[in-house]
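Shown next, in structure tokens, is the structure this report addresses.
The values are calculated or read from the model by the stated rules, or taken from the named source; none is laboratory data. Owing to the predicted nature of the structure, the values given are computational and were not obtained by experimental measurement. Because the Cβ atoms are built from the backbone with ideal geometry, glycine has one as well, and the counts that use them run over all protein chains shown. Note: accessible area is taken over every heavy atom of the protein model, side chains too, but ligands, DNA and RNA are not part of it. Shrake-Rupley method; radii C 1.70, N 1.55, O 1.52, S 1.80 Å.
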Amino acid sequence: MISPADGHTPLTALVVQGITMDFVGLRALENVNLTLRQGEILGLIGPNGSGKTTMINVITGLLRPTAGRIQADGADITGKPPHKIAQTGVARTFQKVKLFRELTVFENVKVAAVSVGMPNRRAKEQAWVALEELGIEAWSGRIAGTLPYGHERKVEVARALAMNPKFILLDEPAAGMDEEESAALLQILTPIPEKKNLGMLIVDHDMNLIMRLCNRLHVLNYGKTIGEGTPEEVRRIPEVVEAYLGS
Ligand SMILES: Nc1ncnc2c1ncn2[C@@H]1O[C@H](COP(=O)(O)OP(=O)(O)O)[C@@H](O)[C@H]1O
Ligand SMILES: [Mg+2]
């Protein structure tokens with residue numbers, strides 16, 4: 001059981017405990033424990049196929065875990081449907097962009113806020129705030145389907161932010177961007193957790209960026225945790241070094 005009063009796990013955290021996820025013939029996650037605190041940036045890293053996206057899918061209700069529990073701010077969200085989990089304040093982006101291609105950028109972002117139950121007026125306000133946060137207000141009237149790829153990814157992040165989440169899970173938000181674009185995006189993201197008191201979990205391939213950006217790292221390999229801690233700590237774990245040298 002999860003005990004929020006154990007002195008280590010504040011209530012204002014997303015707590016993943018003992019998660020195992022089996023697919024047919026494959027164990028994608030094995031007994032993973034992970035805590036994302038409000039106000040911090042946690043990097044979820046690991047080689048391709050190590051279970052990062054699966055973890056985000058389990059947390060956000062797209063997959064029902066084989067074993068384990070997930071709590072958001074003390075509320076058990078294990079096995080709940082995705083829209084309910086979003087309403088409890090857990091937002092995400094997808095590794096592959098999922099925008100409404102025929103709607104404008106503004107409508108895309110507003111719809112996300114509406115989807116978690118915000119009334120129209122509040123949803124509009126939140127949409128503007130999110131667009132400003134990412135510096136993309138100028139694109140608000142553009143049809144999403146006509147945007148260049150890097151722009152689409154920022155709209156995805158704005159959609160998640162517009163839900164006013166306590167926890168935001170970003171699955172390779174800079175995928176497909178060049179080095180400069182991705183550095184710029186991560187620069188924009190950096191101050192958000194502290195400013196909005198939200199926990200940000202971020203998956204990204206660029207190890208240098210992740211090391212600079214994150215307060216803490218959680219490293220997966222073949223679905224198992226092989227290291228956690230500050231970037232400095234994780235850098236010194238032999239298993240982590242090996243996993244990266246081997247890939
Ligand atoms: N829906 C699924 N059905 C079967 N196997 C899956 C499914 N989703 C992911 N996997 C497998 O689980 C493992 C972890 O995948 P994934 O979480 O996407 O890794 P990562 O995001 O770290 O690259 C991989 O071996 C992948 O092929
Ligand atoms: Mg992935």
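Its relative contact order, with pairs defined as Cα atoms under 8 Å and 6+ residues apart, puts the range 154-220 at 37 percent. Solvent-accessible area assigned to carbon and sulfur over the range 1-110 amounts to 54 percent, based on a 1.4 Å probe.
Sequence-distant contacts, meaning Cα pairs under 8 Å at least 6 residues apart, place the relative contact order of the range 101-247 at 18 percent. Considering helices alone, the calculated mean residue ellipticity of the chain at 222 nm is -10000 deg cm²/dmol, with DSSP H runs of length four and up weighted by -39500 (n - 2.57) and normalised per residue.
Rolling a 1.4 Å probe over the protein heavy atoms gives the chain an accessible area of 47 Å² per residue. Amide H to amide H distances under 5 Å link residue 142 with 105, 106, where only residues 5 or more positions off or on other chains count and H is placed in the peptide plane. Full extension of the chain segment joining residue 194 with residue 242 gains 14.0 nm, where the gain is 0.36 nm per residue of separation less the Cα-Cα distance. Database remark: amide H of residue 177 closer than 5 angstrom to no amide H (H placed geometrically; neighbours at sequence offset of 5 or more, or on other chains; Pro and chain starts carry no H).
What you get for the range 12-107, charging only the Cβ of Lys and Arg (+1) and of Asp and Glu (-1), is a dipole of about 160 debye around the Cα centre. Within the chain, the longest run free of exposed loop sites, counting trypsin sites (Lys or Arg not before Pro) that sit outside DSSP helix and strand states (H, G, I, E, B) and have at most 12 other Cβ atoms within 10 Å, spans 99-235.
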